[in-house]
Amino acid sequence: MTGTRLEAIAIPTAPGVFHAKEWGVTWGQPEIDELKTVALGVPARRARLCLHPSKEAIHQEMLIVVHKDAVEVPQRRSNGPHTKIALEGTANLELYSNDGSLLRVLGLGGKGSRYFRTIDRSFHRLVSVTEWFVFIEILRGPFVVSTTERAAWFHE
């Protein structure tokens, strides 16, 4: 990916993950298209541009693309609420109880809601309905793996 717009504004930090070189980078459709290309090349079938320069940032914002073949394990976070804002495509946000019972499905994008903010510690997962779902996610940092609990009961 030599000479791409993503490389000009961000540093790759993991497969499918880029961190902005500084706060305030601008992005648009070319960056979204590049993230889609990146997502197709990684097993997770998703990619993100972290708009915060460091995993240690207290405020974190990410531009995320998810392909319809991506499988997300239901998870919940212990570091506070997070917000999702739909930009392109349609996805279902599935909310689960502690034992894995499906509590609710929220449509995001398309004719569904464009905005969702967690209000409890339910397990949740995002499932893209369209070929691509593109959204902004905002949450409290820093990023620490131990603040995300993956559902042990989930098997796909």
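Laid out as a table, the results:
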item: Single residue of Arg125, Arg121 found to be surrounded by 15 or more Cβ atoms within 10 Å (Cβ to Cβ) and either of a type outside the set (A, V, I, L, M) or part of a loop (DSSP other than H, G, I, E, B) (or both); result: Arg125
item: Residue ranges of strands (runs of 3 or more DSSP E) in the range 1-54 with at least 2 members surrounded by 21 or more Cβ atoms within 10 Å (Cβ to Cβ); result: 17-20, 46-50
item: Pair list, Cβ < 7 Å and 6+ apart or interchain, from the range 1-30 residues that are closer than 19 Å to Val66 by Cβ to residues that are assigned to a strand (DSSP E or B) and of a type in the set (S, T, N, Q); result: His19/Thr13
item: Test set (1) modelled with pLDDT of 95 or more; (2) touching a helix residue (DSSP H, G or I) at 6+ places or on another chain (Cβ under 7 Å); (3) at negative phi - Ser78 fails condition number; result: (1)
item: Where Val65 falls short, out of the listed (1) out of contact with any Lys or Arg (no Cβ under 8 Å at 6 or more places or on another chain); (2) within 21 Å of Glu156 (Cβ to Cβ); result: (1)
item: Which numbered condition Glu61 fails, given (1) at pLDDT 95 or above; (2) within 26 Å of Val25 (Cβ to Cβ); (3) of a type outside the set (A, V, I, L, M, F, W, C); (4) not in a strand (DSSP E or B); result: (4)
item: Any chance Val65 is within 12 Å of the chain's Cα centre (by Cα) and surrounded by 16 or more Cβ atoms within 10 Å (Cβ to Cβ); result: yes
item: In the range 108-147, the residues that are among the β-branched types (Val, Ile, Thr), modelled with pLDDT of 90 or more and touching a His at 6+ places or on another chain (Cβ under 8 Å); result: Ile138
item: When residues of the range 81-97 are limited to those that are on the phi < 0 side of the Ramachandran plot and of a type in the set (Gly, Ala, Ser), the one surrounded by the fewest Cβ atoms within 10 Å (Cβ to Cβ); result: Ser97
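The values are calculated or read from the model by the stated rules, or taken from the named source; none is laboratory data. Keep in mind the model is a prediction, meaning the values are calculated, not measured. Glycine gets a Cβ as well: all are built from the backbone with ideal geometry, and neighbour counts include every protein chain shown.
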